[in-house]
Amino acid sequence: MAIKTLIAEDEIHVREALVKMLHILAPEIKIVATSESLKDLAQDYKNHHPDLIFLDIELADGNAFEWLRQAEPQTKIIFTTAYSQYAIDAFKYSAVDYLLKPIDPADLKPAVERAIKDIKDHQDYLALQKVLVENVENKSKKIVLKTTEHRHIIPLNDIIRVAANGAYSLFYTVSQEIIVSRNLKYYEKLLGTDFIRCHQSHLINLNQVASIYKSSSVMMKNGDLIPISSRKKTEIINLIFSFLEQ
């Protein structure tokens, strides 16, 4: 299966390196065009209808999300970026593939393999791409939670809490429970300031807190009682009250 591929990258050395790596690592990739600008990208996409695009975020004449919003491409995209940590978190939330520059061949090969799978699961991928655009634009932020059978797209405000379960994390949302194969520390870093680790085994969504119970537990809006770490009790209680008073 030949994968028609477009590379949109305005840095010539990055573009040439990517072409060489793809030739070696992924012979099923057929590069049909390279674009240096949004204008070129729009035309090349129209001319070639690629299966896959390697898309630099910042092109010569603008930001690639401008094109994404206008074109709504029906194509698998792997983003290449040197973006800030804030933007990287948006990619992580959305479970969309991205490669940090300089591109590492060890990261490129599995990204291409996932791309081929996603091309087969086309509609599923388009949903993830839409989530990414919304997250970058800081609209109603959502996170994609991947399990062995499903990709769950969950608004952050719908997450009540996250509990440690060994090397896994168990998400309690307003409608379901989802277990994913990443540890609590990963989500503590990713989810941001609306979530705090009130206990070694628990992250809570401050937007879902109802009250403090007997100065030792947090009562969530769904009725769950979550213990507060005794070592950080004062700090955590002050943080919760400060948030509730906003």
Original post:
If you check every pair at least six apart or on different chains, which have Cβ atoms under 6 Å apart with a residue in region 41-53 that is touching a residue at least 60 places away in the same chain (Cβ under 8 Å) first and a residue that is outside any helix (DSSP H, G or I) and crowded, with 16+ Cβ neighbours inside 10 Å second?
Top reply: D51/I3; D51/K4; L52/I3; L52/T5; L52/K76
**OP:** Output the number of residues of region 157-205 satisfying the condition of being touching a residue at least 60 places away in the same chain (Cβ under 8 Å) and closer than 22 Å to I88 by Cα.
**Re:** 2
Original post:
Which residues, counting only those in region 142-179, are more than 14 Å from the chain's Cα centre (by Cα), modelled with pLDDT under 95 and of a type in the set (A, V, I, L, M, F, W, C)?
Top reply: A167
Subject >> Residues located in region 93-125, provided they are at pLDDT below 75 and surrounded by fewer than 16 Cβ atoms within 10 Å (Cβ to Cβ) >> reply: K120, D121, H122, Q123, D124
**OP:** Select from region 215-246 the residues that are surrounded by 11 or more Cβ atoms within 10 Å (Cβ to Cβ) and of a type in the set (D, E) and write down the one among them that is farthest from A164 (Cα to Cα).
**Re:** E235
Original post:
Any chance region 202-220 includes a residue that's modelled with pLDDT of 90 or more and among the charged types (D, E, K, R)?
Top reply: no
Original post:
If you check every pair at least six apart or on different chains, which have Cβ atoms under 7 Å apart with a residue in region 209-232 that is farther than 10 Å from C198 by Cβ first and a residue that is basic (K, R) and surrounded by 14 or more Cβ atoms within 10 Å (Cβ to Cβ) second?
Top reply: M220/R161; D224/R161
**OP:** Could you please let me know if T80 is of a type in the set (S, T, Y) and at pLDDT below 95?
**Re:** yes
Original post:
Do any strands (runs of 3 or more DSSP E) lying entirely in region 22-105 carry at least 1 residues that are over 20 Å from L132 (Cα atoms), and which ones are they?
Top reply: 29-35
**OP:** Check A115, A127, A164 and return the single one that is outside the structural domain of N207 (by TED's automatic domain parsing) and in contact with a Leu (Cβ under 6 Å, 6 or more places away or on another chain).
**Re:** A115
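The values are calculated or read from the model by the stated rules, or taken from the named source; none is laboratory data. All values derive from a computational prediction rather than experimental measurement. For neighbour counting, all protein chains shown are included, and Cβ atoms are generated from backbone atoms with ideal geometry for every residue, glycine included.
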